[in-house]
Structures are given as structure tokens and as C-alpha cells.
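In what follows, a structure is listed as C-alpha cells, so that the remarks can point back to it.
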Amino acid sequence: MTVYTTTDSPLGELLLVGEESGTAPGGVAIASLSMPGQKNAPAVRPEWRRDDAAFAEAVRQIRAFFAGELTEFDLEFTTTGSGFQQRIWQEVAAIPFGSTTTYGELAERLGLPRERVRAVGAAVGANPVLLMRPCHRVIGADGGMRGYAGGVERKVRLLAHEGVALAV
């Protein structure tokens with residue numbers, strides 16, 4: 001059963017979507033976290049059930065993150081993607097709070113040739129759990145902000161929240 005909730009945040013109202021799970025906190029594994037105006041964001045479907053209580057732990061962690069009390073999310077995810085995307089997302093999840101990496105550095109860490117950097121960028125852009133799997137920490141080789149499904153202005157705000165010095 002697909003369940004969802006919404007929660008307010010400094011980035012706007014967030015939509016959390018998940019699947020019921022016997023092993024996840026609150027009984028729900030997170031499938032998606034999206035923001036208003038996000039590219040390819042899911043829309044609530046009639047067959048989904050709203051269940052605010054099931055997302056209580058996820059919402060608690062989101063609030064703690066924005067309050068500066070949490071630097072890493074500890075939740076179960078049930079995201080789907082190709083094997084390539086899963087490899088990229090696992091590497092993105094390992095980027096520490098308050099730091100950044102480049103698309104090229106991600107490719108290099110995974111042993112991918114330079115010509116695969118665009119594919120790495122596409123996989124980062126397909127991350128369905130923004131914020132929780134910190135794709136906002138991936139930037140251009142020149143330090144510039146590249147795309148972010150939630151909008152580049154939100155990427156900048158998230159990095160500033162984490163204390164990352166941004167090139168002006």
C-alpha cells in the first residue's frame with residue numbers, strides 16, 4: 001500500500017511517499033521526497049492513503065535537519081532505479097554533511113571513464129529522495145551550481161544551511 005504525507009519546511013511543503021514496511025521506522029519505507037515545482041515530482045494519486053503517523057520519524061528527522069540537530073538521515077528507502085543509478089545514489093549518500101563533490105569526482109570514485117560524467121549527472125538528477133539522499137552536495141567542476149530537481153535556488157539554500165562556502 002502506498003502512503004503519503006506532507007510537511008512544511010524552509011523549502012516549502014514537502015511531499016513524502018512511501019510503501020508500508022514491517023522493518024522501517026513507523027512502518028513505512030520512503031520512496032520519494034519532493035518539493036513544490038520539482039521536475040518529475042509525483043502527484044498524490046486517489047489510491048494512495050494519507051498516513052501522517054507512519055511518517056512521524058521521517059518528519060522528525062527533517063525538522064531536526066533544518067534545526068541544525070541532524071546531519072545524516074537514518075531511514076529505510078524503497079526507491080527503484082537501474083543498477084547504475086543505485087550505484088550513483090549509494091555514492092551520493094556517502095557525501096558528508098557540509099561538503100561537496102563534483103560529478104567528475106563521483107565518476108572517478110566509481111571507476112567510470114570521463115565520458116560517463118553526463119550519465120552520472122543524469123543518475124544524480126533522477127534521485128527520488130531529495131534532501132535525504134543529498135544530491136544537492138554534487139556541484140560542477142568549476143564550483144558552479146548545476147541542475148537540481150528542486151531548483152538551483154533550493155540547492156544553494158541547502159548548501160548554505162550546511163555551512164558550505166559557495167563561490168560568488
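The values are calculated or read from the model by the stated rules, or taken from the named source; none is laboratory data. Worth saying up front: this structure is predicted, and the values here are computed from it rather than measured. Don't worry about glycine lacking a Cβ; one is built from the backbone with ideal geometry, like all the others, and counts go over all protein chains shown. Ligands, DNA and RNA are stripped out before the accessible areas are found, and what is left, the full protein with its side chains, is counted by its heavy atoms. Shrake-Rupley method; radii C 1.70, N 1.55, O 1.52, S 1.80 Å.
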Original post:
In this structure, does R157 turn out to be among the charged types (D, E, K, R), assigned to a loop (DSSP other than H, G, I, E, B) and closer than 23 Å to G37 by Cβ?
Top reply: no
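Can you tell me which residue among A107, A149, A123, A160 is open to solvent by 20 Å² or more (accessible area, probe 1.4 Å) and of a type in the set (A, V, I, L, M, F, W, C)? Let's see the steps before the verdict.
Working: A107 fails: open to solvent by 20 Å² or more (accessible area, probe 1.4 Å); A149 fails: open to solvent by 20 Å² or more (accessible area, probe 1.4 Å); A123 fails: open to solvent by 20 Å² or more (accessible area, probe 1.4 Å).
So the residue among A107, A149, A123, A160 that is open to solvent by 20 Å² or more (accessible area, probe 1.4 Å) and of a type in the set (A, V, I, L, M, F, W, C) is A160.
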Original post:
Looking at (1) open to solvent by 60 Å² or more (accessible area, probe 1.4 Å); (2) in a loop (DSSP other than H, G, I, E, B), can you tell me which one M132 breaks?
Top reply: (1)
Original post:
Looking at the range 74-104, which of its residues are part of a helix (DSSP H, G or I) and either in contact (Cβ under 8 Å) with a residue 12 or more places away in the chain or within 15 Å of the chain's Cα centre (by Cα) (or both)?
Top reply: F84, Q85, Q86, R87, I88, W89, Q90, E91, V92, A93, Y103, G104
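Quick grid of which residues meet (1) at pLDDT 95 or above; (2) closer than 22 Å to A58 by Cα:
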{"site": "A119", "(1), (2)": "yes, no"}
{"site": "G140", "(1), (2)": "no, no"}
{"site": "G143", "(1), (2)": "no, no"}
{"site": "R146", "(1), (2)": "no, no"}
{"site": "R154", "(1), (2)": "no, yes"}
{"site": "R157", "(1), (2)": "no, yes"}
Original post:
Identify, please: which residue in the range 34-48 is free of Cβ contacts under 8 Å to residues at least 60 places away in the same chain and exposed (fewer than 11 other Cβ atoms within 10 Å of the Cβ) and is, among those, nearest to R133 (Cα to Cα)?
Top reply: A43
Original post:
Is it the case that D74 is open to solvent by 30 Å² or more (accessible area, probe 1.4 Å) and within 28 Å of L159 (Cα to Cα)?
Top reply: yes
Original post:
Does the range 77-93 hold any residues that are over 23 Å from F65 (Cβ atoms), open to solvent by less than 60 Å² (accessible area, probe 1.4 Å) and among the hydroxyl-bearing types (S, T, Y), and which are they?
Top reply: S82
Original post:
Can you name the number of the only condition in (1) modelled with pLDDT under 95; (2) open to solvent by less than 60 Å² (accessible area, probe 1.4 Å); (3) over 21 Å from S32 (Cβ atoms) that S99 fails?
Top reply: (1)
